[in-house]
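What follows is a single structure, written as structure tokens, with notes after it.
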Amino acid sequence: MARPDTKELTARQWQIFEWVKTFIREHAMPPTVREIGRAFDIESSSVFDLLKALERKGYVRRGNQGARSLIIKYGKPPRARRIQVLEDVPTEERRRKGLIAVPVVGAVAAGKPILADENIVGELLVDADLVRTGRFFGLMVCGDSMIGADIRNGDTVLVRQQPLAETGDIVVAVLGGEATVKRLYLREGAIVLRPENPAYQPMPINPEDDLRIAGKVVGVQHSGAVSE
């Protein structure tokens, strides 16, 4: 989606829009009208008027999931490059196109490595440029907690294996023997796994929790429709 013409916004509208984007990036959820009002010391009625203007000009959309349902229409995280399903591409064509097979993991067996044989349910073919360095795997996604990052129930994410990640990365975290896809936040020694769906709560990690990072998400294949 093309970036809207910033000249269409007033200075205050642009200020609100940038603040909302920063809030979502830092908290992995949209702000409420009350939070916007407090940040700018304005009444809720004025916030509603500003949001209506932003919506009318194509910058935001207000959903129907309660107070935290503001959606940024521009500035969406880039989608992954195309991921092709293995059986759709003959062997010779794979070589010619420079495609590489990556194992796909379903459920994670407790106490086993994520790529243990019993976890692997299939393979994906991916562009060699996506997996040039490191080791990779695919993970089938269950649930809609990451729809704000364009990762949906039934999708398969492409993951670079790595035990560490930076704040803001979308990761595959193994918590209590179960794999989950969330955005990682690290702040003042605290670890939080944040969903990108306001219907779900962030997951603070306690020191006694059995958490490990299995890898960083670098691509996604939508079920029924391939992301490009």
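Applying the Karplus relation 6.51 cos²θ - 1.76 cosθ + 1.60 with θ = phi - 60° to region 53-58 yields 3J(HN,Hα) values of 5, 5, 5, 4, 8, x Hz, where x marks Gly and Pro. Once backbone amide H atoms are built at 1.01 Å from N, Val104 has Val121, Gly122, Glu123, Leu124, Gly138 as its partners under 5 Å, excluding neighbours fewer than 5 places away on the same chain. Checking the Cα-Cα distances for Lys21/Lys52; Lys21/Lys216; Lys21/Lys182; Lys52/Lys182 against a 25 Å cut-off, the pairs over it are Lys52/Lys182.
Maximal additional length on extending the Thr22-Glu166 stretch stands at 50.1 nm, based on 0.36 nm per residue less the C-alpha distance. On full extension, the segment bounded by Ser45 and Val121 gains 22.1 nm, given 0.36 nm per residue less the C-alpha separation.
Model label sites at Ala128 and Arg56, defined 7 Å from Cα along the beta-carbon direction, differ in position by 5.4 nm.
Taking trypsin sites (Lys or Arg not before Pro) across region 182-220, none is in a DSSP loop with at most 13 further Cβ atoms lying within 10 angstrom of its Cβ. Among Thr10, Thr32, Thr133, the ranking by other beta carbons within 10 Å of each residue's beta carbon, starting with the fewest, stands as Thr133, Thr10, Thr32.
Laboratory data are not the source of any read-out in this text; all were calculated from the coordinates shown. Bear in mind that the values here come from a model prediction, so they are computed numbers and not experimental data. Note: ideal-geometry Cβ built from the backbone for every residue, glycine included; neighbour counts use all protein chains shown.
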